[in-house]
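Chemist: First the structure, then my questions, so here it is.
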Amino acid sequence: MQVAGKTAFITGGGGGIGGGIAEALVEKGARVVLADVDLDHAQAKAAELGDAALALTLDVTSLESWAAAKGATEARFGPVDILCNNAGISTPRMDLEEVPPELFARVLAINVTGVQNGIASFAGEMKARGSGHIVNTSSMNGLNPFGTFGAYSASKFAVLGLSDALRQECAPHGVGVSTLFPGLTKSRMSLDPKDGPAADPETLAALLPRMMDPVWSGRAVVRAIEEGQAYIVTHPDYRPIFAARCEEILAAFGDPAQPGYGTGASATMA
Ligand SMILES: NC(=O)c1ccc[n+]([C@@H]2O[C@H](COP(=O)([O-])OP(=O)(O)OC[C@H]3O[C@@H](n4cnc5c(N)ncnc54)[C@H](O)[C@@H]3O)[C@@H](O)[C@H]2O)c1
(Lines give C-alpha, C1' and ligand atoms only; values in the text may rest on other atoms or scores of the structure.)
Protein backbone atom coordinates (compact mmCIF):
# COMPACT_ATOMS: atom_id res chain seq x y z
CA MET A 1 0.00 0.00 0.00
CA GLN A 2 1.35 3.44 -0.89
CA VAL A 3 1.28 5.74 2.16
CA ALA A 4 0.85 9.08 0.34
CA GLY A 5 -2.55 10.56 1.14
CA LYS A 6 -3.30 7.87 3.75
CA THR A 7 -4.16 8.35 7.44
CA ALA A 8 -1.99 6.62 10.04
CA PHE A 9 -2.79 6.20 13.74
CA ILE A 10 0.37 5.74 15.84
CA THR A 11 0.24 4.77 19.51
CA GLY A 12 3.14 6.00 21.61
CA GLY A 13 3.36 8.72 18.95
CA GLY A 14 4.85 11.13 21.49
CA GLY A 15 7.83 8.81 22.00
CA GLY A 16 11.04 8.20 20.12
CA ILE A 17 10.13 5.38 17.72
CA GLY A 18 6.49 6.46 17.36
CA GLY A 19 7.70 9.97 16.54
CA GLY A 20 10.17 8.52 14.02
CA ILE A 21 7.41 6.51 12.34
CA ALA A 22 5.24 9.64 12.19
CA GLU A 23 8.04 11.71 10.70
CA ALA A 24 8.79 9.12 8.02
CA LEU A 25 5.11 8.80 7.10
CA VAL A 26 4.69 12.57 6.81
CA GLU A 27 7.84 12.71 4.64
CA LYS A 28 6.01 10.42 2.22
CA GLY A 29 2.77 12.42 2.22
CA ALA A 30 0.65 10.66 4.88
CA ARG A 31 -1.44 12.27 7.64
CA VAL A 32 -0.62 11.05 11.13
CA VAL A 33 -2.33 10.84 14.51
CA LEU A 34 0.09 10.81 17.42
CA ALA A 35 -1.85 9.04 20.18
CA ASP A 36 -0.15 8.90 23.53
CA VAL A 37 -0.92 8.75 27.23
CA ASP A 38 1.51 11.68 27.50
CA LEU A 39 -0.29 14.39 25.52
CA ASP A 40 2.49 16.98 25.99
CA HIS A 41 5.01 14.81 24.19
CA ALA A 42 2.54 13.95 21.43
CA GLN A 43 1.71 17.65 20.95
CA ALA A 44 5.38 18.63 20.81
CA LYS A 45 6.04 16.08 18.04
CA ALA A 46 2.84 17.02 16.18
CA ALA A 47 3.90 20.69 16.25
CA GLU A 48 7.16 19.71 14.48
CA LEU A 49 5.21 17.90 11.77
CA GLY A 50 2.66 20.66 11.03
CA ASP A 51 -0.88 20.35 9.67
CA ALA A 52 -0.45 16.70 8.65
CA ALA A 53 -0.30 15.71 12.32
CA LEU A 54 -2.86 15.56 15.12
CA ALA A 55 -2.00 14.81 18.76
CA LEU A 56 -4.52 12.90 20.89
CA THR A 57 -4.65 11.39 24.35
CA LEU A 58 -4.85 7.60 24.37
CA ASP A 59 -4.37 5.02 27.07
CA VAL A 60 -3.91 1.82 25.06
CA THR A 61 -5.11 -0.31 27.97
CA SER A 62 -8.62 1.20 27.84
CA LEU A 63 -11.10 0.34 25.07
CA GLU A 64 -13.11 3.45 25.99
CA SER A 65 -10.02 5.55 25.38
CA TRP A 66 -9.52 3.82 22.00
CA ALA A 67 -13.13 4.58 21.04
CA ALA A 68 -12.72 8.27 21.89
CA ALA A 69 -9.42 8.58 20.01
CA LYS A 70 -10.83 6.74 16.99
CA GLY A 71 -13.84 9.09 16.90
CA ALA A 72 -11.64 12.19 17.10
CA THR A 73 -9.36 10.82 14.36
CA GLU A 74 -12.22 10.07 11.98
CA ALA A 75 -13.74 13.49 12.60
CA ARG A 76 -10.50 15.16 11.51
CA PHE A 77 -9.01 12.82 8.88
CA GLY A 78 -11.62 10.16 8.02
CA PRO A 79 -11.05 6.40 8.32
CA VAL A 80 -7.68 5.08 9.43
CA ASP A 81 -5.66 3.25 6.74
CA ILE A 82 -2.56 2.44 8.80
CA LEU A 83 -2.46 1.45 12.46
CA CYS A 84 0.89 1.39 14.26
CA ASN A 85 0.54 -0.34 17.65
CA ASN A 86 3.77 1.02 19.02
CA ALA A 87 3.22 2.24 22.62
CA GLY A 88 5.20 0.25 25.14
CA ILE A 89 7.01 0.37 28.43
CA SER A 90 10.24 -1.18 29.65
CA THR A 91 11.15 -2.54 33.08
CA PRO A 92 14.12 -2.28 35.41
CA ARG A 93 16.50 -5.26 35.16
CA MET A 94 15.76 -8.04 37.65
CA ASP A 95 15.42 -11.80 37.80
CA LEU A 96 11.90 -12.99 37.02
CA GLU A 97 11.12 -14.17 40.54
CA GLU A 98 11.73 -10.63 41.75
CA VAL A 99 9.32 -8.95 39.31
CA PRO A 100 6.43 -7.54 41.35
CA PRO A 101 3.09 -9.00 40.13
CA GLU A 102 1.68 -5.54 39.52
CA LEU A 103 4.67 -4.62 37.30
CA PHE A 104 4.32 -7.88 35.32
CA ALA A 105 0.60 -7.19 34.85
CA ARG A 106 1.28 -3.59 33.76
CA VAL A 107 3.86 -4.62 31.15
CA LEU A 108 1.43 -7.14 29.66
CA ALA A 109 -1.47 -4.67 29.85
CA ILE A 110 0.36 -1.97 27.88
CA ASN A 111 2.64 -4.01 25.61
CA VAL A 112 0.23 -6.84 24.75
CA THR A 113 -3.37 -5.97 25.63
CA GLY A 114 -2.69 -2.47 24.29
CA VAL A 115 -1.85 -4.01 20.89
CA GLN A 116 -4.90 -6.29 20.99
CA ASN A 117 -7.11 -3.29 21.85
CA GLY A 118 -5.81 -1.52 18.73
CA ILE A 119 -6.55 -4.59 16.62
CA ALA A 120 -10.04 -4.84 18.14
CA SER A 121 -10.68 -1.17 17.39
CA PHE A 122 -9.52 -1.04 13.76
CA ALA A 123 -8.90 -4.45 12.11
CA GLY A 124 -12.56 -5.33 11.49
CA GLU A 125 -13.24 -2.13 9.54
CA MET A 126 -10.02 -2.49 7.52
CA LYS A 127 -11.01 -6.06 6.58
CA ALA A 128 -14.50 -4.89 5.62
CA ARG A 129 -13.02 -2.12 3.42
CA GLY A 130 -10.56 -4.60 1.88
CA SER A 131 -7.54 -2.39 2.54
CA GLY A 132 -5.25 -1.25 5.32
CA HIS A 133 -2.01 -2.08 7.09
CA ILE A 134 -1.20 -2.78 10.74
CA VAL A 135 2.33 -2.50 12.16
CA ASN A 136 2.95 -3.90 15.63
CA THR A 137 6.12 -2.95 17.50
CA SER A 138 7.84 -5.91 19.09
CA SER A 139 11.58 -5.72 19.81
CA MET A 140 14.82 -7.60 19.27
CA ASN A 141 13.85 -8.94 22.72
CA GLY A 142 10.85 -10.50 20.98
CA LEU A 143 13.28 -12.68 19.00
CA ASN A 144 16.21 -12.92 21.42
CA PRO A 145 15.24 -12.92 25.10
CA PHE A 146 17.86 -12.31 27.74
CA GLY A 147 18.03 -12.78 31.49
CA THR A 148 16.90 -9.95 33.81
CA PHE A 149 14.52 -8.69 31.09
CA GLY A 150 12.08 -11.60 31.05
CA ALA A 151 8.81 -9.76 31.60
CA TYR A 152 9.56 -7.36 28.74
CA SER A 153 10.72 -10.21 26.48
CA ALA A 154 7.55 -12.20 27.25
CA SER A 155 5.43 -9.22 26.21
CA LYS A 156 7.38 -8.75 22.97
CA PHE A 157 7.18 -12.48 22.09
CA ALA A 158 3.42 -12.14 22.57
CA VAL A 159 3.34 -9.25 20.10
CA LEU A 160 4.98 -11.48 17.48
CA GLY A 161 2.49 -14.30 18.13
CA LEU A 162 -0.45 -11.91 17.83
CA SER A 163 0.95 -10.34 14.69
CA ASP A 164 1.64 -13.59 12.85
CA ALA A 165 -1.87 -14.85 13.63
CA LEU A 166 -3.34 -11.50 12.59
CA ARG A 167 -1.39 -11.60 9.32
CA GLN A 168 -3.05 -14.92 8.41
CA GLU A 169 -6.47 -13.55 9.34
CA CYS A 170 -6.03 -10.28 7.40
CA ALA A 171 -4.32 -11.52 4.23
CA PRO A 172 -7.51 -12.80 2.54
CA HIS A 173 -9.06 -9.34 3.08
CA GLY A 174 -6.25 -7.34 1.49
CA VAL A 175 -4.98 -5.99 4.84
CA GLY A 176 -1.24 -6.17 5.50
CA VAL A 177 0.44 -6.83 8.84
CA SER A 178 4.08 -6.18 9.75
CA THR A 179 6.03 -6.68 12.96
CA LEU A 180 8.77 -4.23 13.86
CA PHE A 181 11.77 -5.57 15.81
CA PRO A 182 13.89 -2.57 16.77
CA GLY A 183 17.25 -2.91 18.42
CA LEU A 184 18.71 -0.08 20.47
CA THR A 185 17.10 3.17 19.31
CA LYS A 186 17.29 6.66 20.82
CA SER A 187 14.15 7.33 22.86
CA ARG A 188 13.08 8.27 26.37
CA MET A 189 12.87 4.54 27.17
CA SER A 190 16.36 3.66 26.02
CA LEU A 191 17.94 6.76 27.58
CA ASP A 192 16.11 6.29 30.89
CA PRO A 193 18.66 5.50 33.63
CA LYS A 194 16.10 3.39 35.54
CA ASP A 195 14.45 1.22 32.86
CA GLY A 196 16.85 1.68 29.95
CA PRO A 197 19.84 -0.48 29.09
CA ALA A 198 22.35 1.91 30.71
CA ALA A 199 22.08 2.43 34.45
CA ASP A 200 25.23 4.61 34.66
CA PRO A 201 26.66 7.45 32.55
CA GLU A 202 29.69 5.41 31.36
CA THR A 203 27.54 2.57 30.00
CA LEU A 204 25.23 5.11 28.38
CA ALA A 205 28.17 6.87 26.72
CA ALA A 206 29.34 3.48 25.37
CA LEU A 207 25.88 2.52 24.11
CA LEU A 208 24.89 5.88 22.57
CA PRO A 209 26.83 5.37 19.32
CA ARG A 210 25.01 2.03 18.88
CA MET A 211 21.57 3.66 19.24
CA MET A 212 19.83 4.32 15.97
CA ASP A 213 17.97 7.55 15.22
CA PRO A 214 14.25 6.69 15.31
CA VAL A 215 13.42 8.25 11.95
CA TRP A 216 15.37 5.42 10.30
CA SER A 217 13.13 2.84 12.00
CA GLY A 218 10.24 4.95 10.70
CA ARG A 219 11.58 4.82 7.13
CA ALA A 220 11.95 1.05 7.41
CA VAL A 221 8.31 0.89 8.55
CA VAL A 222 7.18 2.95 5.55
CA ARG A 223 9.09 0.62 3.19
CA ALA A 224 7.49 -2.42 4.82
CA ILE A 225 4.00 -0.95 4.41
CA GLU A 226 4.64 -0.02 0.79
CA GLU A 227 6.26 -3.37 -0.08
CA GLY A 228 4.07 -5.59 2.10
CA GLN A 229 6.92 -6.95 4.25
CA ALA A 230 5.94 -9.12 7.23
CA TYR A 231 9.04 -8.48 9.36
CA ILE A 232 11.01 -5.29 9.88
CA VAL A 233 14.52 -5.78 11.24
CA THR A 234 16.33 -2.47 11.69
CA HIS A 235 19.50 -3.84 13.37
CA PRO A 236 20.87 -6.79 11.38
CA ASP A 237 23.88 -7.09 13.73
CA TYR A 238 21.69 -9.23 16.03
CA ARG A 239 21.41 -11.94 13.35
CA PRO A 240 24.05 -14.35 14.76
CA ILE A 241 22.35 -14.45 18.20
CA PHE A 242 18.99 -15.12 16.57
CA ALA A 243 20.42 -17.76 14.23
CA ALA A 244 22.03 -19.59 17.16
CA ARG A 245 18.73 -19.63 19.03
CA CYS A 246 16.81 -20.87 15.96
CA GLU A 247 19.40 -23.60 15.38
CA GLU A 248 19.09 -24.78 18.98
CA ILE A 249 15.29 -24.98 18.64
CA LEU A 250 15.51 -26.70 15.24
CA ALA A 251 17.93 -29.23 16.71
CA ALA A 252 15.23 -30.20 19.23
CA PHE A 253 13.05 -31.39 16.32
CA GLY A 254 14.51 -34.90 16.55
CA ASP A 255 12.75 -38.23 17.00
CA PRO A 256 9.12 -38.14 18.24
CA ALA A 257 8.74 -38.49 22.03
CA GLN A 258 6.40 -41.47 21.51
CA PRO A 259 8.03 -44.35 19.62
CA GLY A 260 6.14 -45.14 16.40
CA TYR A 261 4.32 -41.79 16.32
CA GLY A 262 3.67 -40.90 12.66
CA THR A 263 3.35 -37.56 10.91
CA GLY A 264 -0.28 -36.96 11.79
CA ALA A 265 -2.63 -34.04 11.99
CA SER A 266 -0.24 -32.00 14.16
CA ALA A 267 2.19 -31.72 11.23
CA THR A 268 -0.42 -29.94 9.10
CA MET A 269 -2.39 -28.09 11.79
CA ALA A 270 -2.57 -24.47 10.71
N1 LIG B 1 14.12 2.35 22.09
C2 LIG B 1 14.51 1.10 21.91
O3 LIG B 1 15.73 0.80 21.96
C4 LIG B 1 13.49 0.02 21.63
C5 LIG B 1 13.97 -1.22 21.21
C6 LIG B 1 13.04 -2.23 20.93
C7 LIG B 1 11.68 -1.99 21.03
N8 LIG B 1 11.24 -0.76 21.46
C9 LIG B 1 9.78 -0.58 21.52
O10 LIG B 1 9.44 0.57 20.75
C11 LIG B 1 8.21 1.11 21.22
C12 LIG B 1 8.35 2.60 21.40
O13 LIG B 1 9.25 2.85 22.47
P14 LIG B 1 10.35 4.03 22.45
O15 LIG B 1 11.67 3.41 22.46
O16 LIG B 1 10.00 5.02 21.40
O17 LIG B 1 10.13 4.61 23.91
P18 LIG B 1 9.46 5.97 24.41
O19 LIG B 1 9.40 5.83 25.87
O20 LIG B 1 10.14 7.15 23.81
O21 LIG B 1 7.99 5.90 23.76
C22 LIG B 1 6.96 5.09 24.26
C23 LIG B 1 5.69 5.93 24.26
O24 LIG B 1 4.60 5.12 24.67
C25 LIG B 1 3.77 5.93 25.49
N26 LIG B 1 2.93 5.10 26.36
C27 LIG B 1 3.28 4.41 27.47
N28 LIG B 1 2.21 3.84 28.04
C29 LIG B 1 1.15 4.15 27.25
C30 LIG B 1 -0.24 3.86 27.29
N31 LIG B 1 -0.77 3.13 28.30
N32 LIG B 1 -1.03 4.33 26.31
C33 LIG B 1 -0.52 5.09 25.30
N34 LIG B 1 0.77 5.43 25.22
C35 LIG B 1 1.60 4.96 26.18
C36 LIG B 1 4.74 6.79 26.29
O37 LIG B 1 4.11 7.94 26.83
C38 LIG B 1 5.79 7.10 25.24
O39 LIG B 1 5.53 8.33 24.57
C40 LIG B 1 7.87 0.35 22.52
O41 LIG B 1 6.91 -0.64 22.24
C42 LIG B 1 9.20 -0.29 22.88
O43 LIG B 1 9.02 -1.44 23.66
C44 LIG B 1 12.12 0.24 21.76
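The values are calculated or read from the model by the stated rules, or taken from the named source; none is laboratory data. Since the structure is predicted, the reported quantities are computational estimates derived from the model, not experimental observations. Virtual Cβ from ideal backbone geometry, glycine too; neighbours counted across all protein chains shown. To get the accessible areas, we keep the full protein, side chains included, count just its heavy atoms, and leave off ligands, DNA and RNA. Shrake-Rupley method; radii C 1.70, N 1.55, O 1.52, S 1.80 Å.
Chemist: Shape of the chain from its Cα gyration tensor (a ≥ b ≥ c, root eigenvalues): rounded if a/c is under 1.5, otherwise prolate when a/b > b/c, or oblate?
Modeler: Cα axes put the chain in the oblate bin.
Chemist: So which lysines pass the test for residue 6, namely a Cα distance under 21 Å, with those fewer than 8 places away in the same chain ruled out?
Modeler: 28, 45, 70, 127
Chemist: Within the accessible area of segment 89-236, what % is carbon and sulfur when the probe is 1.4 Å and the other protein chains stay in place?
Modeler: 61 percent
Chemist: Would you pull out the residues with amide H under 5 Å of residue 54's amide H, same chain only if 5 or more places away, H placed 1.01 Å from N?
Modeler: 32, 33, 34
Chemist: Ok, one more. Between residue 67 and residue 206, what is 0.36 nm times their sequence separation minus the Cα-Cα distance? Round to one decimal in nm.
Modeler: Extra length from residue 67 to residue 206 when fully extended: 45.8 nm.
Chemist: Can you work out the Karplus-derived ³J(HN,Hα) for every residue in segment 44-61? Use 6.51 cos²θ - 1.76 cosθ + 1.60 with θ = phi - 60°, whole Hz, and x for glycine or proline.
Modeler: After applying 6.51 cos²θ - 1.76 cosθ + 1.60, I find 5, 5, 4, 4, 5, 8, x, 5, 6, 10, 10, 9, 9, 7, 8, 9, 5, 7 Hz.
Chemist: 7 Å from Cα along Cα→Cβ at both residue 76 and residue 129: what's the point-to-point distance in nm?
Modeler: For the pair residue 76/residue 129, the computed spacing is 1.7 nm.
Chemist: Let me ask something else. Per DSSP H run of at least 4 residues, take -39500 (n - 2.57); add these up for the chain, divide by its residues and hand me the 222 nm value, nearest 500 deg cm²/dmol.
Modeler: Roughly -14000 deg cm²/dmol at 222 nm, from the helical runs in the chain.
Chemist: Also, I was wondering about something else. Work out, step by step, the length gained on full extension between residue 39 and residue 106: first 0.36 nm times the residue separation, then minus their alpha carbon distance; give nm to one decimal.
Modeler: Here the segment from residue 39 to residue 106 would lengthen by 22.1 nm.
Chemist: Using a probe radius of 1.4 Å on heavy atoms only, what accessible surface per residue do you get for segment 7-251? Whole Å² is fine.
Modeler: 44 Å²
Chemist: By how many nm would the segment from residue 230 to residue 253 lengthen if fully extended, with 0.36 nm per residue of separation less the alpha-carbon distance?
Modeler: 5.8 nm
Chemist: Report the paramagnetic label zone for residue 51: residues of segment 70-94 whose backbone N is under 18 Å from a point 7 Å from Cα along the Cα-to-Cβ axis.
Modeler: It comes to 75-78, nothing else.
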